[in-house]
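The values are calculated or read from the model by the stated rules, or taken from the named source; none is laboratory data. A quick note: this is a predicted structure, and the numbers were derived from the prediction, not measured. Here the Cβ positions follow ideal geometry from the backbone for every residue, glycine too, while neighbour counts run over all protein chains shown. These area figures cover heavy atoms from the full protein model, side chains too; ligands, DNA and RNA do not enter into them. Shrake-Rupley method; radii C 1.70, N 1.55, O 1.52, S 1.80 Å.
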Amino acid sequence: MTFGTTLGLFKKIPRRLRQVAEALFSPAIASSDRLLSKMTERYSTPTELDFYEQYVSQGLEGEELHAAFEAFKILQGSPTALVVGCGAGREAFALEKMGYKVLAVDTSQSMILRAQSIAQRIKSRVTFKHSDVSSLSNVNFDFLFVSPGIINHIPIPVKRIEFLKKLHQLGNQKSVLFCLPNIRELTPRDRLY
């Protein structure tokens, strides 16, 4: 099957899925590192930073809130949470308000700086770190929250498996992993790279 034939199969699928197909099958994108670099650049633009800062006030949504609440009921004491792809802190701040001790990571230094600014303004104790999960070690979390759409940003299936294995290492026997695909309606500002 050629690249062109493969793309032809995706003509009736929504734009985002076509973009994922292009990323997975395009010879122009030689490495996942290049694609991830483009994605990080995108999330460092003033437009994205402003959008995600405004999004912080919305807190957790439907399934996110339910999962965090149910996990909190199961976990003892003061549970720890890791938020992967924290952006400006929407999920991290909401989990902290529920009683979690939170470490939030993102590959965009600009997003981390924005989240830290918000944290200082609202007197939050969330720890924000410019990192990805592969660089975390010697820590375990009770609740692992993968922000919606993060799995979609990992372009190669092998890298997704590595990501999930690393999350497993960062958990413990009673850990809860929460991971949703990006399920909101896509808008014209959504693009993979």
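State all residues of the range 105-141 that are in contact with a Phe, Trp or Tyr (Cβ under 9 Å, 6 or more places away or on another chain), farther than 13 Å from Leu170 by Cβ and among the polar types (S, T, N, Q); if no residue qualifies, say none.
Thr107, Ser108, Ser110, Gln116, Ser124
Taking into account only those residues within the range 119-132 that are open to solvent by 80 Å² or more (accessible area, probe 1.4 Å) and charged (D, E, K, R), which is nearest to the chain's Cα centre (by Cα)?
Taking the candidates together, the pick is Lys129.
Please state which one of Pro148, Pro155 is out of contact with any Pro (no Cβ under 8 Å at 6 or more places or on another chain), assigned to a loop (DSSP other than H, G, I, E, B), modelled with pLDDT under 95 and not charged (D, E, K, R).
None of the other options fit; the residue is Pro155.
Give the residue, chosen from Glu53, Glu22, that is modelled with pLDDT of 75 or more and in a helix (DSSP H, G or I).
Of Glu53, Glu22, the one residue that is modelled with pLDDT of 75 or more and in a helix (DSSP H, G or I) is Glu53.
Here's the yes/no breakdown for (1) in a strand (DSSP E or B); (2) within 22 Å of Leu177 (Cβ to Cβ); (3) hydroxyl-bearing (Ser, Thr, Tyr); (4) open to solvent by 60 Å² or more (accessible area, probe 1.4 Å):
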residue: Leu35; (1), (2), (3), (4): no, no, no, no
residue: Val105; (1), (2), (3), (4): yes, yes, no, no
residue: Ser117; (1), (2), (3), (4): no, no, yes, no
residue: Ser134; (1), (2), (3), (4): no, yes, yes, yes
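Any idea how many residues of the range 69-93 are crowded, with 23+ Cβ neighbours inside 10 Å and part of a helix (DSSP H, G or I)?
Residues meeting the conditions: 5.
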